[in-house]
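The values are calculated or read from the model by the stated rules, or taken from the named source; none is laboratory data. This is a predicted model, so every value here is computed, not measured. Positions of Cβ are backbone-derived with ideal geometry, glycine not excepted, and every protein chain shown enters the neighbour counts. Note: areas computed on protein heavy atoms with side chains; ligands, DNA, RNA excluded. Shrake-Rupley method; radii C 1.70, N 1.55, O 1.52, S 1.80 Å.
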Amino acid sequence: MSDIKDVLVPDLGEDSVEVIEICVAVGDSIDAEDAIVTVESDKASMDIPAPFAGDIAEICVAVGDKISQGSLLAKISAAATTAAETPAAPVTEPAQEVAAPAALVEEVAVVPAPVTTSAVSIIEVTVPDIGGDENVEVIEVLVAAGDQVEAEDGLITVETDKASMDVPAPESGIVKEVHLNVGDKVSQGSLVIHLEVTSTTTEAAPAPAQAPAAAPAPAAAPVVTATDTAPVAAKAPPVPHHPSATIQATGKVHASPSVRRIAREFGVDLTQVNGSGSKGRIVKEDVQSFVKYELSRPKVTSATASSVGDGALQVLASPKVDFSKFGEVEEKPLSRIQKISGPTLHRNWVTIPHVTQFDEADITDMESFRKAQNVVAEKRKLGFKISPLVFIMKAVADALKAYPTFNSSLSADGESLILKKYFHIGIAVDTPNGLVVPVVPDVDQKGILELSKELMEISVKARDGKLKAADMQGSCFTISSLGGIGGTAFTPIVNAPDVAILGVSKSEIKPKWNGQDFAPKLMLPLSLSYDHRVIDGALAARFAVHIKDVLTDLRQIIL
Amino acid sequence: MSEIKTQLVVLGAGPGGYSAAFRAADLGIDTVLVDARATLGGVCLNVGCIPSKALLHVAKVIKEAKHLSSHGVSFGEPQIDLDKVRDWKDSVVSQLTKGLSGMTKMRKVQHVQGYGKFTGSNTLEVTGDKGTTTITFDNAIIAAGSEPVSLPFIPQDDRVIDSTGALEMKDIPGKMLVLGGGIIGLEMGTVYHALGSKIDVVEFLDQLIPAADKDIVKVYNKTIKDTFNVMLQTKVTGVEAKKDGLYVSFEGKQAPAEPVRYDKVLVAVGRKPNGLLMAADVAGVTVDERGFINVDKQMRTNVPHIFAIGDLVGQPMLAHKAVHEGHVAAEVISGKQHYFDPKCIPSVAYTEPELAWVGLTEKEAKEQGINYEAASFPWAASGRAIASDATDGLTKLIFDKDTDRIIGGAMVGTNAGEMLGEIGLAIEMGADAEDIALTIHAHPTLNESIGQAAEIYEGSITDLPNAKAKKK
């Protein structure tokens, strides 16, 4: 088959020039770069060459005509074979670096001449709007001539500085000709393939009585896929070209025209939006909060960027690595608890300005007291042991009473502090399924023995996975104790809406100067992380010292 | 030959075209407006909506004055000075077109008179009385409208006229055939009847104004049974032009056996798009064989920088649709992400009485399988309608029974077209029957029939027997 293509006058650097000679005649067979006409400006005369080889079908100018950029010069019937030999040249960018004024080529928009039957036609598939990027590189050609493709199948993959994306087939059909190679630079409108489609819709005339159906999309929305190489995260994703922008708001959507317009502007599919107005009407604020929510939502499907909170913090995507290249691997899904706690931990880590205060408590006396009491407990067959954690809980409760700011939460609007008059303490428990935080209520009102019993019961429940939601709610402050395992210090993450958390590491006998000589003391490392929006450093230091003092001399509690 | 370079050329200065051009200019786009006529406003202002309304106003007053004799006030037979009537109509048109011309200058939109044809994807050549102008543009909006369909078997004769000819009002024919029972034919028939012509209407389908619901048209039929002789399911098979008149032969259900003589035949069988007249294909724009140009919801043709609006992008061929499409096209060109996304487009036949409908008709609701219920308030129960001698009327609202939301409405009766706006607003805002019923409508008005129809659906109507009343 052959296409008739228009040859337009390229940028000549002059507004208007005169044709002084026509170098070809209709029917002439010419090669690319052969002169079609000679023109003369007041500065010089020059030839306008053919942009590609073919037969001259029509000459649209005459000697003496004034022509300027964009004027139709001639029509050339380009043989398909010739076009295939020089695939990209005529259709890629106007190649401005080429000094000679290579003629611009404009494809005749709809290629005429159905091939065999009226039901089969050949359409051009061009690069759609790719978010304003020009000269993006083709990194993969996914189809070859003869391939059968379905609508939305990727044809080529291009890479911009933001993402790589597939250019999809607008309709199903057979690839007749591929016009691009890997490495070619393309822009919106560049010819990708010729596609043979068997259709009834494109040929059939639309019924006059119908509202105009959407034109067979000249450029299907690009499908964005994750990039393999780390992209430079810069701008927000091109929202206006969100695929849902093409979804028609149906008559079922309960939204007024102005709301439908703002939804269109943001590419919001109104069928996805819950209306807060009377009888479920979608109001402008619903669209705004939908957009905010979508921007702040951790992105599961798109690895291009993730963002948190209303401030829309953008971070780089982690690179995708194929670990199996380096050795044997096994993929194990995250546990249910990990899946639930992960996003929460991430949010707390990113949204709370953390500071961690380190200190050490001398628990020499506390430990000897505790051990003595455990001997008593065993004799009395109480069925549990007293752990150091219980003393720490009591100390924390006492410190919370002394420093009410630590027993608070920020209000939802961030304008005030909500001070709590109760003393429920969450205890981070390591279980086979993951980290859970059961809450021991009213720690201030309970004795060491009662707390020990309760702590044992709740730990068993946690390890057996039998905690109820109510068992894990209402904490004021959290303690995470790794003392039984080891470590000198760590930086725990505040368990919002708490404003602080105490990490406890392994105690160790250290030489301490008592004024005359070094004495061996059992020292317990404490790591107090706090929300700096609520608590400042001096207060945190005082709070830590208070805990330390109580642990060093338990009599402090009864003062 | 002069040359113009511009950011936007709008081809056609009808309501769609000038609205697009003005909107674009207001958005800071350098705009050129091209039209074949010396005056702006296109068919609508010059030979369509506006002049026909001027004449319908005259017709309405004649009819009401006559009617008043039965209420004790007689004016006698009207004395019609056709030249003066025509002058009045022309003065209405010229007042409006002058206004447009002023606004064009105010907005610094350049008006080029002549026929425009594309010579390339970014060039348009305009041939006018003052020579040829080549316009090089970045964007174009094709708004070239439509023209009346002419029938090939009807001879070329001065006495065969279309809507434009009818509005010229050369004379008042003794007997006129209106070929086509649609809005345009019936409006012109109304005018000529009021001025004294005897009117026959022939329609191929089984209903006048085929797009409207039967119950609405039925009320209309009742009011016109003494004015027009209507022949439904009948077609014209031939027109023979003789010295003493046009002899028309018919075929079909209500066809007279012998050819009938008419002084004039008004052909009003529809309009065809002008998409094939501006060589859009040279610019790469696909135009179908009937002259329609396919566009997307941003009014973009297959060529990204060329847009099309109005009659030539499809039905309904209505000025107000074109205006909104024109705004969208201009806004999209200026970079806004706007879409033509209405829930409904109103239709009005400015006959006497008027027919008006918006949203879904019952016919369409049925076809789409919607679980709907229609509630109709007959104007015979309206105090204002009785007082205004306008009881031949009906207000019908159509609700989706699943949501109780209004999806359509239709009215027939005096000023029906003026009242339709409320229903359109209710549909766009997603109002349900309760919202409309609880909106207090002024009493006594014809407009309160809308609230009352909603009350019928709600079961709270008190001005009529209430079929939904909870009986104990």
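Identify, from the list A:279, A:320, A:292, the residue that is within 14 Å of chain B (Cβ to nearest Cβ), open to solvent by 80 Å² or more (accessible area, probe 1.4 Å) and at pLDDT 75 or above. So that I can check it myself, show each step before the final result.
Values: A:320 fails: within 14 Å of chain B (Cβ to nearest Cβ); A:292 fails: within 14 Å of chain B (Cβ to nearest Cβ).
Of A:279, A:320, A:292, the one residue that is within 14 Å of chain B (Cβ to nearest Cβ), open to solvent by 80 Å² or more (accessible area, probe 1.4 Å) and at pLDDT 75 or above is A:279.
Would you mind stating whether residue A:527 is open to solvent by less than 70 Å² (accessible area, probe 1.4 Å), more than 25 Å from residue A:350 (Cβ to Cβ) and not charged (D, E, K, R)? Working first, answer last.
On the way: open to solvent by less than 70 Å² (accessible area, probe 1.4 Å): yes; more than 25 Å from residue A:350 (Cβ to Cβ): no; not charged (D, E, K, R): yes.
Spelling it out, it is not the case that residue A:527 is open to solvent by less than 70 Å² (accessible area, probe 1.4 Å), more than 25 Å from residue A:350 (Cβ to Cβ) and not charged (D, E, K, R).
Tell me the helices (runs of 4 or more DSSP H) entirely within the range B:1-69 that contain at least 3 residues that are over 21 Å from residue B:147 (Cα atoms).
Values: elements: B:15-26, B:42-47, B:49-67.
It comes to B:15-26, B:49-67.
In the range B:117-132, is there at least one residue being under 28 Å from the mean Cα position of the chain (by Cα) and not in a loop (DSSP other than H, G, I, E, B)? Break it down stepwise before answering.
Looking only at the range B:117-132, we keep the residues that are under 28 Å from the mean Cα position of the chain (by Cα), and these are B:117.
With the extra rule that they be not in a loop (DSSP other than H, G, I, E, B), the set shrinks to B:117.
Looking for residues that are under 28 Å from the mean Cα position of the chain (by Cα) and not in a loop (DSSP other than H, G, I, E, B), one finds at least one in the range B:117-132, hence yes.
Go through A:468, A:461, A:521 for me and flag whichever is in contact (Cβ under 8 Å) with a residue 60 or more places away in the chain and either in the same structural domain as residue A:404 (by TED's automatic domain parsing) or touching a Leu at 6+ places or on another chain (Cβ under 6 Å) (or both).
Values: A:468 fails: in contact (Cβ under 8 Å) with a residue 60 or more places away in the chain; A:461 fails: in contact (Cβ under 8 Å) with a residue 60 or more places away in the chain.
Just a single option satisfies the conditions, and that option is A:521.
Keeping to the range A:437-471, report how many residues are among the polar types (S, T, N, Q) and open to solvent by less than 50 Å² (accessible area, probe 1.4 Å). Working first, answer last.
Going residue by residue through the range A:437-471, those that are among the polar types (S, T, N, Q) are A:445, A:452, A:459.
Then keep just the ones that are open to solvent by less than 50 Å² (accessible area, probe 1.4 Å); that gives A:452, A:459.
The total comes to 2.
Could you please find all residues in the range B:136-160 being within 14 Å of another protein chain (Cβ to nearest Cβ), more than 26 Å from the chain's Cα centre (by Cα) and either in a loop (DSSP other than H, G, I, E, B) or of a type in the set (A, V, I, L, M, F, W, C) (or both)?
B:137, the sole residue that qualifies.
Report those strands (runs of 3 or more DSSP E) wholly inside the range B:256-337 carrying at least 3 residues which are among the aliphatic types (A, V, I, L, M) and either more than 19 Å from residue B:40 (Cα to Cα) or touching a strand residue (DSSP E or B) at 6+ places or on another chain (Cβ under 7 Å) (or both).
Working: elements: B:260-262, B:264-267, B:271-273, B:306-308.
Strands (runs of 3 or more DSSP E) meeting the threshold: B:264-267.
Which of (1) buried (at least 17 other Cβ atoms within 10 Å of the Cβ); (2) farther than 30 Å from residue B:355 by Cβ; (3) polar (S, T, N, Q) is the odd one out, the single condition residue B:127 does not satisfy?
Looking at each condition in turn, residue B:127 falls short on (1).
Out of the range B:347-399, which residues are open to solvent by 10 Å² or more (accessible area, probe 1.4 Å) and in a strand (DSSP E or B)?
Across the range B:347-399, the qualifying residues are B:347, B:348, B:354, B:357, B:359, B:372, B:373, B:374, B:376, B:378, B:394.
Only one of (1) modelled with pLDDT of 80 or more; (2) open to solvent by less than 40 Å² (accessible area, probe 1.4 Å) is not met by residue A:55, so which one is it?
It is condition (2) that residue A:55 fails.
In the range B:68-101, how many are farther than 29 Å from residue B:22 by Cβ and among the aromatic types (Phe, Trp, Tyr)?
The number of residues fulfilling the criteria is 1.
Can you tell me how many residues in the range B:331-364 are touching a Ser or Thr at 6+ places or on another chain (Cβ under 8 Å), of a type outside the set (Phe, Trp, Tyr) and over 27 Å from residue B:400 (Cα atoms)?
Of the residues in the range B:331-364, 3 are touching a Ser or Thr at 6+ places or on another chain (Cβ under 8 Å), of a type outside the set (Phe, Trp, Tyr) and over 27 Å from residue B:400 (Cα atoms).
Which of the residues spanning the range B:101-119 are among the hydrophobic types (A, V, I, L, M, F, W, C) and surrounded by fewer than 18 Cβ atoms within 10 Å (Cβ to Cβ)?
First, pick out the residues of the range B:101-119 that are among the hydrophobic types (A, V, I, L, M, F, W, C): B:103, B:106, B:109, B:112, B:118.
If the condition is that a residue be among the hydrophobic types (A, V, I, L, M, F, W, C) and surrounded by fewer than 18 Cβ atoms within 10 Å (Cβ to Cβ), then B:103, B:106 are the ones that fit.
Under 8 Å between Cβ atoms, which residue pairs at least 6 apart in sequence (or on different chains) link something in the range B:273-299 that is at the interface with chain A (Cβ under 9 Å from one of its Cβ atoms) with a partner that is basic (Lys, Arg) and in a loop (DSSP other than H, G, I, E, B)?
So the pair list comes out as B:273/B:290.
Quick check on my filter: what residues within the range B:400-433 are touching an Asp or Glu at 6+ places or on another chain (Cβ under 6 Å) and open to solvent by 50 Å² or more (accessible area, probe 1.4 Å)?
As a first pass, look at the range B:400-433 and keep what is touching an Asp or Glu at 6+ places or on another chain (Cβ under 6 Å): B:401, B:404-405, B:407, B:410, B:416-417, B:432-433.
Within the range B:400-433, B:401, B:404 meet the criteria.
Does the range A:443-459 include one or more residues that are within 21 Å of residue A:399 (Cβ to Cβ), among the aliphatic types (A, V, I, L, M) and assigned to a strand (DSSP E or B)?
No, that holds for no residue.
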